[in-house]
Amino acid sequence: MSSTAHVGVTKKRVALAALALSLLVALMAPPVAGARVKPAHHPPKPPELAGFTLTILHNNDGESQLVSAPENPDYGGIARFKTVADRLKATARKTGSRHIPRRRGVVMLSSGDNFLAGPEFNSSLERGVPFYDTTALDLVGYDAFAIGNHEFDFGPDVLADFIDGFIRPVPFVSANLDVSGEPALDTLAGEGRIVRSTVVHERGERIGVVGATTPDLELVSSPRRVEVLQDVAGLVQAQIDRLRRRGINKIILISHLQDIEEDRALVPMLRGVDVTIAGGGDELLANEGDLLVPGDEAVLPYPVVEQSAGGRDVPIVTTAGGYRYVGRLVVDFDRRGRVRNTRRISGPVRVSGVAPDAVEPDAKMLRLVTEPVTAAIAELDQNVIAHSEVDLDGRREEVRSRETNLGNLMADSQLSTARQRADEFGLPAANFAIQNGGGIRNEAVIPAGAITELDTFDIAPFPNFIAVTPDVPREQAKQLLEHGVAAIGGGQTAQLAGISIVYDPSRTAQVVDLEGNVTTPGERIRQAVLDDGTVLVDDGEVVDGPSVNVAGSDFLARGGDGYPFRGAPFTSVGVAYQQALANFIIDDLDGRITAADYPEGGEGRITPTD
């Protein structure tokens, strides 16, 4: 380089340095009085760095309560429920910022028991596909459903009809159900309508949803050839891992494990789950200041938090069923998809028809669902089939803990039906009948007076059919009776006909495994005597003699509620237990339920020792 060129470059460098110095001085100098200083512009963070706020709207255990809450018609009802859900969805999607239009989103999820046998669902069965429940949930607009136990009460084919009726194909999710053995459900699985997990796309985000169903499904419902896989934690974790391998970093578990405590025990076994929505327990979670339906009380705060196997806090929520509340969990995720916090606005939002939070029912829902269901129920309620001289006690806490007159009436109807139809089906006459307390569902005292067809649906809502299990050895018969008094307060608690028992609640309770095998022999049954005087058990010991024939529902005969029939052959006699009750009242009792036949408190068929 020449000396002249070198001097030119040096001058340029000096000039640039001087310019930089002058700019620095200008920036550091105080502003001139009266001058306007334009603030520096800081562009917003790109969306991928800004985190994401997700509102999770949820409910569980809707159980066909489409019209209103049974105990308080000013609350609940699917038409009001839709109005509340729509408002919460609209609120959740308001961004509050023109710079980041997609940083807030909302999903709507159900944690199972989306319908239940009863007069409301009877109207759906009478109507056919699409069921009223399907239409209702279609109108609400869900993103995914867990599969509960009551979905199988009518068997897999009715569940298939329920799912098939949706206009918008929403996925039903369970990681631990194999439906390949049921053709109708297997077809839906092939169409992506029944899946182990799914992905919801919301405002540019992908939210993974994994489902789980109670492993006790075969004991509490009628899944037929649906295989219920027992390793819930392992199967759910496999789906979480699968989603995360796809780059999905926000994952919600919707489960129907029957009790929120099951979910609290499950979360510490999992890695990568962010939120859990529980179902099946009908528990109400709420915080101070939350408006509740009169008479409702919270059992836990909203949400409860458990730590996952990965050391992360996982919020767990659920809510009371029957469309009385829309659960709202508002969660802030960071850019990596981790939960930063849950917002204080989270909690149950009650579905109310009265001030201060009254809402108007959705007009379309009223027209398509509520009004026709109401009309169908009214028709049942106008059909008086009998008169009772005595109050009939069907309260949940009573029929699941001791003998009641309504329990006796139910068991009598089943024994009578089994005996009347025995010849037609080539069966021996039944010796006694067992009705599980959990199958009596009206949960109230029916006052003396008119008994309607609607009452029989309220009492006996399930699609259970009367069945006879012949030739039951006496030792096994004692085990059946032991099971009926092994968990006083539970749904398996027995109501009996054709037999009287004395039991000692202080003695060892029988324990059975999922196959009905007795793992701990029971010692509570001290005496069991058939109505004809035949002694089956005396002083706790089985008396030798011929086998017996046991009547009851096909649900129990299949081992429902854990009854240890252990696959013994049984025959259904083709009469639903609701119809058996109605027929017995009309025909056997000539439409009169007397205090002499069914005294309050029962007549000593089930007697605890002092």
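Read-outs throughout are calculated quantities, based only on the coordinates presented, and are distinct from any laboratory measurement. Bear in mind that the values here come from a model prediction, so they are computed numbers and not experimental data. A quick note on method: Cβ atoms are made from the backbone with ideal geometry, for glycine too, and the neighbour counts reach across all protein chains shown.
Just a few scattered comments:
- The residues packed around R421, meaning those with a beta-carbon under 14 Å from its beta-carbon, carry a net charge of -4 if Lys and Arg are +1 and Asp and Glu are -1.
- Kirkwood hydrodynamic radius computed over the range 280-394 comes to 17.9 Å, based on all pairs of distinct alpha carbons.
- In terms of surrounding Cβ atoms within a 10 Å radius of their Cβ, T452, T469 rank from fewest to most as T452, T469.
- Computed log₁₀ I(q)/I(0) - Debye formula, equal Cα scatterers, no solvent, the chain, q 0.08 Å⁻¹: -0.62
- If R0 is 25 Å, the Cβ-Cβ spacing of E424 and S547 corresponds to a FRET efficiency of close to 0.70.
- Between R312 and H201, the modelled labels are 2.3 nm apart [label points 7 Å from Cα along Cα→Cβ].
- Inter-label distance, nm, simple model (7 Å from Cα along the C-beta direction), E443/D391: 1.9
- Remark: the range 150-163, residue by residue, has Karplus-estimated 3J(HN,Hα) of 6, 4, 9, 4, 9, x, x, 5, 5, 4, 4, 5, 4, 5 Hz, where x stands for each Gly or Pro and the curve is 6.51 cos²θ - 1.76 cosθ + 1.60 at θ = phi - 60°.
- Helix 405-420 vs. the chain, principal-axis angle (Cα, 0 to 90°, nearest 10): 70
- Close amide H contacts of Y503 (hydrogens built in the peptide plane, cut-off under 5 Å, sequence separation of 5 or more or a different chain): R526, T607, T609.
- Looking at the range 522-610, none of the GluC sites (Glu not before Pro) sits in a DSSP loop with at most 11 other Cβ atoms within 10 Å of its own Cβ.
- Annotation: the residues R335, R419, R324, sorted from fewest to most other C-beta atoms within 10 Å of their own C-beta, follow the order R335, R419, R324.
- Inverse mean reciprocal Cα-Cα distance (Kirkwood Rh) of the range 51-373, Å: 19.5
- In summary, the aspartates and glutamates within cross-link reach of K82, defined as a Cα separation below 12 angstrom excluding same-chain residues under 8 places away, comprise D138, E360, D362.
- Beta bridges per DSSP, both residues in the chain: antiparallel share near 65 percent.
- 0 to 90° range, to nearest 10: angle between helix 232-245 axis and the chain longest Cα axis: 20
- Close amide H pairs (under 5 Å, H built 1.01 Å from N) link S111 with N59, N60, D61, A146, residues at least 5 positions away or on another chain.
- Cα pair distances of the range 479-610 binned at 10 Å [whole percent]: 11, 36, 38, 14, 1
- Here the calculated FRET efficiency for K94 and V511, from their Cβ-Cβ distance with R0 = 45 Å, stands at 0.25, rounded to the nearest 0.05.
- Förster-model FRET efficiency, 41 Å R0, R168 and D231, C-beta, rounded to 0.05: 0.80
- Applying 0.36 nm per residue to the separation of D590 and V384 and subtracting their alpha-carbon distance, the gain on full extension is 72.9 nm.
- Rg ratio (alpha-carbon, reference 2.2 N^0.38 Å) - the range 384-608: 0.94
- Relative exposure of Y302, Y503, judged by other C-beta atoms within 10 Å (fewest first): Y302, Y503
- The range 310-415: GluC sites (Glu not before Pro) in DSSP loop, at most 14 other beta carbons within 10 Å: E389
- In terms of packing, defined here as the mean over residues of other Cβ atoms within 10 angstrom, the peptides 190-199, 586-595 line up highest first as 190-199, 586-595.
- For the chain, relative contact order (Cα pairs under 8 Å, six or more residues apart, normalised by length) works out to 14 percent.
- Phi-based couplings in Hz for the range 532-544 (Karplus 6.51, -1.76, 1.60; Gly and Pro marked x): 7, x, 5, 8, 9, 9, 9, 6, x, 10, 6, 8, 4
- Distant alpha-carbon pairs in the range 451-556 (separation over 21 angstrom), percent: 39
- Here the 3J(HN,Hα) profile of the range 288-303, calculated from phi with Karplus coefficients 6.51, -1.76 and 1.60 at θ = phi - 60°, is 4, x, 5, 6, 10, 5, x, x, 7, 9, 6, 9, 8, x, 10, x Hz, Gly and Pro shown as x.
- Between amide H atoms placed 1.01 Å from N, distances below 5 Å from S180 occur with E227, all of them 5 or more places distant or on a separate chain.
- Helix 78-92 vs. the chain, principal-axis angle (Cα, 0 to 90°, nearest 10): 20
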